[in-house]
Amino acid sequence: MKIGVLALQGDFREHQEIALALGHEAPAIRKGDELVGLDGLIIPGGESSTIALLAKNFDLINPIRKAIADGLPVYGSCAGMILLADRIVDGAANQETFGGIDMVVKRNAFGRQVDSFEGEIDFNGSSIHGVFIRAPWVESVGEQVQILAQFQGHPVAVRQGKLLATSFHPELTDNALVHRYFFDEMCS
Ligand code: GLN
């Protein structure tokens, strides 16, 4: 499949490497017309306010919103989770999101307690290693949102239709379970 990776800032190369290792194409996406013909899109971890600003400067906000509305499968990790949230708490001034998942995400929520930590998480019935870096958590979700993982009582992986978001960074581990879930269950 052709899985685009939004490549404005953050750890997009790690996501590209996983998609390539699993036999997919993984073009870097920096322009609206590069969204055409994708089977899926990944929004990486990084700094959501910077990605949002760059997306605005690169005229990508509306094309990505339209692609989401048209049903493109999208997976966001960490900053990517924030960018897929319809509503955020503790965003930077006037921080925009692409939206699509009916949830409230609290930016830097775990990060307020400790900048970076790791822990075992049950993701949709499988145990995986979660890497959290100034990570958000999900404060509340709408009825359409399925919670796939929780950590310390907070949802950290959610799905709504063709949209998937995790607070943690599977791209920084050698376990591709979350990516496989996205590619196999949501993109194909
Ligand atoms: N705290 C970052 C943000 O607001 C996210 C951190 C990350 O992606 N590791 O975007």
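The values are calculated or read from the model by the stated rules, or taken from the named source; none is laboratory data. These numbers were taken from a predicted model, which means no experiment stands behind them. Neighbour counts run over all protein chains shown; Cβ positions are idealised from the backbone, glycine included.
Conditions first: (1) part of a helix (DSSP H, G or I); (2) without any contact (Cβ under 8 Å) to a residue 12 or more places away in the chain. Residue 34 passes all but one, so which condition is the exception?
(2) is the only condition that residue 34 fails.
Scan the stretch 57-85 for residues that are farther than 16 Å from residue 31 by Cα and surrounded by fewer than 17 Cβ atoms within 10 Å (Cβ to Cβ) and report the count.
Of the residues in the stretch 57-85, 3 are farther than 16 Å from residue 31 by Cα and surrounded by fewer than 17 Cβ atoms within 10 Å (Cβ to Cβ).
Residue under question is residue 119, and the condition is that it be surrounded by fewer than 19 Cβ atoms within 10 Å (Cβ to Cβ), without any contact (Cβ under 8 Å) to a residue 60 or more places away in the chain, within 11 Å of the ligand (Cβ to nearest atom) and among the small types (Gly, Ala, Ser); does it hold?
Against the criterion (surrounded by fewer than 19 Cβ atoms within 10 Å (Cβ to Cβ), without any contact (Cβ under 8 Å) to a residue 60 or more places away in the chain, within 11 Å of the ligand (Cβ to nearest atom) and among the small types (Gly, Ala, Ser)), residue 119 does not qualify.
Residue pairs, Cβ under 6 Å, 6 or more apart or interchain, first in the stretch 133-149 and of a type in the set (Phe, Trp, Tyr), second surrounded by fewer than 18 Cβ atoms within 10 Å (Cβ to Cβ) and part of a strand (DSSP E or B). List them.
Correct list of pairs: 137/154.
Using the structure shown, decide if residue 158 is under 24 Å from residue 4 (Cβ atoms), of a type outside the set (Lys, Arg) and surrounded by 15 or more Cβ atoms within 10 Å (Cβ to Cβ). Full working, then the answer.
Working: under 24 Å from residue 4 (Cβ atoms): yes; of a type outside the set (Lys, Arg): yes; surrounded by 15 or more Cβ atoms within 10 Å (Cβ to Cβ): yes.
Criteria met by residue 158.
Filter the stretch 134-154 down to residues that are over 14 Å from the mean Cα position of the chain (by Cα) and within 16 Å of the ligand (Cβ to nearest atom) and give me whichever is surrounded by the most Cβ atoms within 10 Å (Cβ to Cβ).
151
Looking at the stretch 173-185, can you tell me whether even one residue there is part of a strand (DSSP E or B) and within 27 Å of residue 71 (Cβ to Cβ)?
no
I'd like the full set of residues that are out of contact with any strand residue (DSSP E or B) (no Cβ under 8 Å at 6 or more places or on another chain) and either at pLDDT below 95 or among the charged types (D, E, K, R) (or both), limited to the stretch 44-90.
47, 56, 59, 65, 66, 70
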